[in-house]
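Q: Okay, here's the structure, questions in a sec.
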Amino acid sequence: MLLPLLIGGLANGGVYGLVALGLVWLHRSYGVMNFAHGEMALFVTFLSFFLVQLGWPLSGAFLAALLAAALLGWLVERLLLRPFAGSSPLSLVIATMGLLMALNGLSSGIWGTLPQRFPPALAGPPVRLASWPVQRQDLLILGVLVFSALVLFGFLFFTKFGLASRAAVQNPWMARLLGVSINKVYGASWALSAALAALASILFAPKTVLTTSMMMSVLIKGFTAGVLGGFNSLPGAILGGVCLGVMENLMAFYVSTQWKDSLALALIVLVLLVRPEGLLGKKETQRV
Amino acid sequence: MLEVRDLVVWYGPVPALHGVSLSVEEGGSVALLGANGAGKTTTLRTISGLIRPRSGMILWQGKNLVGLPPEAIARKGIGHVPEGRGLFPELTVWENLKMGAYLRRDFRADLPWIFEIFPVLKERLRQMARTLSGGEAQMLAIARALVGRPKLLLLDEPSLGLDPIHTARVFLALKEIKEAGVSLLLAEQNAYKALEVCTHAYVLELGFVQIWGPTQELRSAEAVRRIYLGG
């Protein structure tokens, strides 16, 4: 029974990891904890559901949602947060909280509060893996997680703009002195983070029901995953998500479904007691 | 090439510069001398666009730079080696250099010259910048500014925290850079060293330019000797 549990856990964890990637990246690069991260993803998930209902093919609706998410992320930075530049980090957080409520209200207003069935991208009976049934959607999520991680890594380490983004995280003023347009870096960070969260949300929706409250718990778990990973490391965010997902699934099966969230969180608290900087986090050291 | 006119800068309610004027000729080398808190760093940071002045003008090739963001000023050919060096600690030496050439298509042709001035960097290319010693870090900071091919290089206390051997090496490098045709504006507390490299100097005190002129004259000026050269 262990293999399906592990794969199911890895898939849930992949969703948390994709959410955590964006949260951690924005926290590092923009200095803000984006509370609206989940709702932004939810909004475009509803959008893609709407397109599917109109008769669009799933792939087209997915692609449209990802582009819409990137645009939304870019707009949020440009119109909502940039006017707060230079004010306290707390104002930025409050702004994202406001956006959370606004987007949630907007989603409910447009698409209603009734739960909807979101069609899975990979439909069909479970595949057999060493005689155990494994959900196709779970395998897809894992594939997408690996693919997005590779694309992100390639962007950050093999493109000039990626290098500039990493530099800007470490010292934004110096990056500007070398000619980096910091606003482009910020815009791209927001677009990328929002697209990753949208990917998570669209892949997760078929595993549950699409409601306006779907992303609340996913956001909290993404945040937990980020903390477990160290909240300053991107590989840490993925590892944290995957660990959390697997722990949850094991707890659900061997202990109780009702207690799975609390027990998984308790385990994470234990890990953080032993290793406060998180699994892959670096202790922040400054050398001048 | 660069002309600063009546620059006034306040930090909130605190005045930092009270109308500083100075100029750097094409190919010139100018020292900005003065004690801690005299306004040297503020002057450089204002030229680079990191601080907005309350009034005054910064003319670069005849055009006013005031109000432009730092990245736009960098694009005009003004390089800045800031106080504290401003390296990216979690990038390698090579990546730091690449960032220096961010506005250029390719900078590989410059590398032989850079490694001639700073041979030690060649052996450190794959290392993280945070692992460098103070002297190596300063050399990387200057090298990074150079691969951006600036017309004017602003340097903020390049000898700060360095032992005499590394200080000598940095000043030797500055002479070579000057000979390559790059104009220099060098803020230094180490007045003797700065006067060796520069042809002109301005002495700042409490946000005012107290004395200025060609290095030859300043070296003998009684006031400079008394206040800044410790003799």
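We did not get these values from a lab; they are worked out from the coordinates using the rules stated. Keep in mind that this is a model prediction, so the values were computed, not measured. Ideal geometry is used to build each Cβ from the backbone, glycine not excepted, and the neighbour counts take in all protein chains shown.
Q: Output the DSSP H helices from chain A with an along-axis C-alpha extent of no less than 27 Å and a mean Kyte-Doolittle hydropathy no less than 1.0.
A: Span-like helices here: A:2-30, A:89-111, A:136-158, A:182-204, A:234-254.
Q: Further question on the same structure: Out of B:M139, B:Y102, B:I51, whose Cα points farthest toward the positive end of the dipole of the range B:2-227 (charges: +1 Lys, Arg; -1 Asp, Glu; placed on Cβ)?
A: Of B:M139, B:Y102, B:I51, it is B:Y102.
Q: Right, something else. Apply the Karplus parameterisation 6.51 cos²θ - 1.76 cosθ + 1.60, with θ equal to phi minus 60°, to every residue of the range B:101-111 and state each ³J(HN,Hα) to the nearest whole Hz, in sequence, with x for glycine and proline.
A: Along the range B:101-111, the couplings run 9, 3, 8, 10, 6, 8, 10, 4, 5, 7, 4 Hz.
Q: Give me the one-decimal nm value for the distance between modelled label points at B:W113 and A:S256, 7 Å along each residue's Cα-to-Cβ direction.
A: Label-label distance for B:W113 and A:S256, simple model: 7.4 nm.
Q: If you count, for every residue in A:176-188, the Cβ atoms of partner chains within 10 Å of its Cβ, what is the mean?
A: 6
Q: May I pose another question? Counting each DSSP H run of 4 or more residues in chain B as -39500 (n - 2.57), what helix-only mean residue ellipticity at 222 nm follows after dividing by all residues, to the nearest 500 deg cm²/dmol?
A: -9500 deg cm²/dmol
Q: Related question: How crowded by other chains is A:168-175, given as the mean number of beta carbons from other chains within 10 Å of each beta carbon?
A: Counting other chains' Cβ atoms within 10 Å and averaging over A:168-175 gives 6.
Q: What ranking, highest mean first, results for peptides B:155-167, B:37-49 when packing means the other Cβ atoms within 10 Å averaged over each residue?
A: Most protected by this proxy first, the peptides run B:37-49, B:155-167.
Q: Suppose the chain between A:L79 and A:L272 were pulled fully straight at 0.36 nm per residue; how much longer would it get relative to their current alpha carbon spacing?
A: Fully extending the segment from A:L79 to A:L272 adds 65.8 nm.
Q: Can you bin the range A:42-182 into rounded, prolate or oblate? Criterion: square roots of the alpha carbon gyration tensor eigenvalues sorted a ≥ b ≥ c, rounded for a/c under 1.5, prolate for a/b above b/c, oblate for the rest.
A: Note, shape of the range A:42-182 comes out oblate.
Q: Hey, fewest Cβ within 10 Å first, where do B:H200, A:H27 land in order?
A: A:H27, B:H200
Q: For A:Y186, B:Y192, A:Y16, which order do you get if you count the other beta carbons within 10 Å of each Cβ and list the fewest first?
A: B:Y192, A:Y186, A:Y16
Q: Just how far, in whole angstrom, is the range B:21-77 from the range B:86-127 if you go by their alpha carbon centroids?
A: 25
Q: With r as the distance between the Cβ atoms of A:S181 and B:A168 and R0 = 45 Å, compute the FRET efficiency 1/(1 + (r/R0)^6) and round to 0.05.
A: 0.75
Q: Still on this model: Measure out, as a whole number of angstrom, how far apart the alpha-carbon centroids of the range A:1-22 and the range A:148-227 sit.
A: 19
Q: So what are the three principal axis dimensions of chain A from its Cα atoms, in whole Å, longest to shortest?
A: Taking max minus min along each principal axis of the Cα atoms, chain A gives 59, 49, 34 Å.
Q: Could you state the angle between the C-alpha long axis of helix B:134-146 and the longest principal axis of the C-alpha atoms of chain B, as a value from 0 to 90 degrees rounded to the nearest 10?
A: Between helix and principal axis, roughly 90 degrees.
Q: Would you list B:W60, A:W25, A:W173, A:W190 from fewest to most Cβ contacts within 10 Å?
A: In order of increasing Cβ crowding within 10 Å: A:W173, B:W60, A:W25, A:W190.
Q: Which peptide among A:124-131, B:88-95, B:142-149 comes first, and what is the full order, when sorted by highest mean count of other Cβ atoms within 10 Å?
A: B:142-149, B:88-95, A:124-131
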